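**Q** Mind having a look at this structure? Questions to follow.
The values are calculated or read from the model by the stated rules, or taken from the named source; none is laboratory data. Treat the numbers as computed from the prediction; the structure is a model and nothing was measured. Counting neighbours? That spans all protein chains shown, and the Cβs are built from the backbone with ideal geometry, glycine included. Areas reflect the complete protein model, heavy atoms only, side chains present, ligands, DNA and RNA absent. Shrake-Rupley method; radii C 1.70, N 1.55, O 1.52, S 1.80 Å.
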Amino acid sequence: MLKACLHRYGIWLTVFFVTLLSIAVSAGIASGMTYWVLDGSMTRSAWIITLLTPAVISPVMTYITLRLVSELDQAHTRLHELIHRDHLTELHNRRYFMQTLHAEIEQAKAHGTSFALAIVDIDNFKTINDRFGHLGGDEVLKQIAHACRSSVRDTDVVARIGGEEFAFLFRASSLAVAQELAQRLLIRIRHLDVRLQDVPLPISVSIGMTSVAGPTADLADAMRLADNALYAAKSAGKDRLEILASAAATA
Ligand SMILES: Nc1nc2c(ncn2[C@@H]2O[C@H](COP(=O)(O)OP(=O)(O)OP(=O)(O)O)[C@@H](O)[C@H]2O)c(=O)[nH]1
């Protein structure tokens, strides 16, 4: 925490902030709160100290501290976005998706909850790149990403997990509900009005889906089943949904 502060705000602001903390602590005002500082939750502890210190520190110093804390908050939010967003489509990225999937699997194991996982791959995307170049392909990716986002519920998670591959996590969903959402996505993408250089492009995706439920839920198994289902959808002619339910979900 101290290193990050030094790096971003330089020596003088860091010294100022540390001095401020020392004054507050030595005045006995922040006793009991210091474990939060040690715990690393700088923002929360700094806010608490800031609220308690106006009586002993001048308003100017309090203002500076508030600015510092708010900048730290913004820096933290920007960093979080950089780490978890795909910059092209503004969807979540693979890292975020895998973390969320892992948490959802743990939830299923602990509480017997269920959800559906889908992997969506654009059909014949290479031909679009070959014909219109990488920038043209990027434009199509953005439009498909938008369609993906607006085809699901707020509680669902959508991410771009590879070049022309997206993943969906349908929370607390039966396979039937998730299947309906995926079918809706297929239709929506089929009817997208995508044009590059005024040429209308037929766009479609293939979807592989599986369900995850109960104490035997496993991340690697879930990804493998969804991948295999996607492979089946591609092999069966593309532009379709294939489902491979896990043994636990069908039991
Ligand atoms: N424009 C663009 N293209 C990408 C990006 N990432 C991967 N690609 C392209 O995606 C294409 C994927 O091609 P393939 O794996 O052959 O897949 P496909 O042509 O969609 O074929 P099927 O999956 O069998 O339907 C390649 O041309 C990659 O260069 C990206 O970020 N932007």
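**Q** Measuring with a 1.4 Å probe in the full set of protein chains, what accessible area per residue, in whole Å², belongs to region 105-236?
**A** 46 Å²
**Q** Only sites in a loop by DSSP and with at most 11 other Cβ atoms within 10 Å count here; which trypsin sites (Lys or Arg not before Pro) in region 151-251 make the cut?
**A** 153
**Q** Would region 68-195 count as rounded, prolate or oblate if I go by the C-alpha gyration tensor, calling it rounded below 1.5 in a/c and otherwise prolate when a/b exceeds b/c, oblate otherwise? Can you show the working numbers first?
**A** Values: a/c = 2.24, a/b = 1.14, b/c = 1.97.
The shape class here is oblate.
**Q** DSSP loop (so not H, G, I, E, B), at most 13 other Cβ within 10 Å: list which GluC sites (Glu not before Pro) in region 115-206 pass both filters.
**A** Details: sites: 139, 164, 165, 180; in loops: 164.
Passing both the DSSP loop test and the Cβ count: no residue.
**Q** Along Cα→Cβ, 7 Å out, is where each label goes; now give me the distance between the ones at residue 142 and residue 228 in nm to one decimal.
**A** Taking the simple label geometry, residue 142 and residue 228 are separated by 3.9 nm.
**Q** Note down the nm distance, to one decimal, between modelled labels 7 Å out along Cα→Cβ at residue 109 and at residue 199.
**A** 5.0 nm
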